[in-house]
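Student: Take this structure, written in structure tokens, and hold onto it; I'll ask about it next.
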Amino acid sequence: MHNILRILKIKSAQIDSKELKIQQLKGLNVLKDIGHYAQSIVEQFSSLLDIPISITDNNGVIIGSTDNNRIGSVHLGTAEVSQSGKVLFFSKEQTDDLVNVFPGIAAPLRFQQETVGVLGLIGDPAKVERYVQFVQSHIEMILMESYRSRSVASQMEVMQDFIQRLSSYKEETDYSRIQNYCELHGFTLGIPRRCILLDKQSSNIQVPNLEQTPTFNQEEQALYLFLTKVFVTNEQDVVAPLSKGQWLILLANQPDDSRQMKKRLEVASGKLHKFLDKRDVVRGFMFSYSEPSSSIEGIFKNYEYCKKSLDIAKRHDFQQSFFSIDDWDLLSHGFIEEISLPSQWTLENHIGKLLNHLNGMVLIESFLAYCEEQLNMSQAARKLYIHRNTLLYRLQQLQQVVEIDLHSFKQCTLLYLALKQHPHVDGST
């Protein structure tokens with residue numbers, strides 16, 4: 001201890017006023033980078049304990065102090081505490097000849113097993129010693145939380161930028177660039193990915209526009225962590241914040257089983273309701289989802305379909321929390337509003353399922369007759385020269401394949417018109 005004090009006295013004598021000003025300027029630069037929250041911490045604990053407190057960075061520059069005049073100056077005891085990682089006690093007698101060192105206790109502040117700064121409690125060491133561990137542990141917790149927050153926000157910014165850049169590439173002409181860019185982010189090309197778009201309708205959680213400087217508050221970070229926990233099951237899954245309160249979720253290696261997807265989104269919706277309730281956030285939200293696609297072009301085409309589907313759903317006050325882009329109610333509204341909706345592509349998808357069915361053409365013929373007979377089962381059966389139960393069985397098969405409501409005039413009309421115009425379907429009945 002005596003050797004340390006002797007070294008400090010020698011260093012103190014060597015620092016003239018000019019050098020001290022230079023150190024202060026350097027300190028202000030460091031303060032700007034890493035010490036923006038140090039002063040508020042000092043003020044809170046000093047007010048609570050009614051004792052003077054200071055915090056220095058690892059270079060000995062004071063970045064927080066109850067005495068504002070000390071901020072930016074150099075504290076000579078910091079280097080010894082940082083190197084040893086031990087708590088040092090300074091009595092009044094020991095500090096009389098030291099510059100900018102007062103009686104009290106200096107304790108290391110550690111983060112991830114490294115000393116990143118020094119806490120100073122000023123006063124009689126015997127009186128302030130009981131506060132050291134309390135203040136030290138709480139400041140280290142604040143440092144950890146601050147790092148975690150910055151880390152999460154950084155992840156969000158990276159994913160937001162990744163999706164934005166990826167969407168701007170043309171797969172046919174920029175494939176090598178896409179491949180290199182994806183490899184940097186651990187995103188493997190060619191994997192089937194299902195696109196899910198979350199829209200926060202009337203929420204206090206608003207994600208910044210992509211054109212603005214990305215900043216994410218605690219509520220946004222909490223939602224990002226929630227969505228990651230609920231949806232990400234492997235390193236190829238992606239959650240990314242978009243503009244206007246929307247979040248894009250890409251799930252890799254997804255099966256075509258729509259029932260399994262509906263069940264998963266039903267669970268996710270329930271959890272999201274509870275998550276928002278706990279935070280007193282308005283609960284309005286919707287998920288739209290697509291079929292899996294393996295190409296970048298297909299993924300972002302599905303994203304556009306999901307986006308259009310959400311717009312239609314909001315305009316028509318859909319009550320459900322989630323729906324597929326080929327939902328029949330959605331397609332019916334879209335067909336009326338804009339025939340290009342995702343209508344054309346998604347109707348092709350439905351018709352493709354029928355054409356690939358073992359008994360597909362028979363199911364189509366039966367459905368067309370059913371529609372042309374004004375959804376009258378008995379009249380359609382007579383027209384086809386089959387028993388009514390046979391027609392009922394065929395229509396039930398078709399209903400299972402495309403998940404249509406055969407009692408809905410709008411849905412049946414939509415499929416009927418699509419089938420009549422399809423080049424691979426004989427429209428005559």
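Student: Measuring from label point to label point, each 7 Å out along Cα→Cβ, what is the Glu304 to Thr413 span in nm?
Tutor: So the two model labels end up 2.8 nm from each other.
Student: Would you mind calculating the gained length between Gln236 and Asn389 on full extension (0.36 nm times residue separation, minus the Cα-Cα distance), in nm to one decimal?
Tutor: Answer, rounded to one decimal: 50.3 nm.
Student: Right, something else. Over region 106-190, what percent of the accessible surface lies on carbon and sulfur atoms, probe 1.4 Å?
Tutor: Ligands and nucleic acids excluded, carbon and sulfur reach 49 percent.
Student: Can you work out the FRET efficiency for the pair Gln400 and Asn217, with r the C-beta to C-beta distance and R0 = 41 Å, to the nearest 0.05?
Tutor: FRET efficiency, Gln400 to Asn217: 0.35.
Student: On full extension of the chain, what length is gained from Lys244 through Asn59, given 0.36 nm per residue of separation minus the C-alpha to C-alpha distance?
Tutor: Extra length from Lys244 to Asn59 when fully extended: 62.3 nm.
Student: For region 285-424, what D do you get in µm² per second when you plug the Kirkwood radius from alpha-carbon pairs into Stokes-Einstein at 4 °C and 1.567 mPa s?
Tutor: The Stokes-Einstein estimate is 82 µm²/s.
Student: Could you give the Stokes-Einstein D for region 361-424 in µm² per second, using the C-alpha Kirkwood radius, 20 °C, 1.002 mPa s?
Tutor: 184
Student: Could you give the nm distance between label points at Asp174 and Met361, where each point is 7 Å from its Cα heading toward the beta carbon?
Tutor: The answer from the label model is 4.5 nm.
Student: Treat each spin label as a single point 7 Å out from the Cα along the C-beta direction, and report the Lys229 to Glu372 distance in nm.
Tutor: 5.8
The values are calculated or read from the model by the stated rules, or taken from the named source; none is laboratory data. On a predicted model such as this, the values are computed, not experimentally measured, just so you know. Please note: Cβ atoms are built from the backbone with ideal geometry, for glycine as well, and neighbour counts cover all protein chains shown. To get the accessible areas, we keep the full protein, side chains included, count just its heavy atoms, and leave off ligands, DNA and RNA. Shrake-Rupley method; radii C 1.70, N 1.55, O 1.52, S 1.80 Å.
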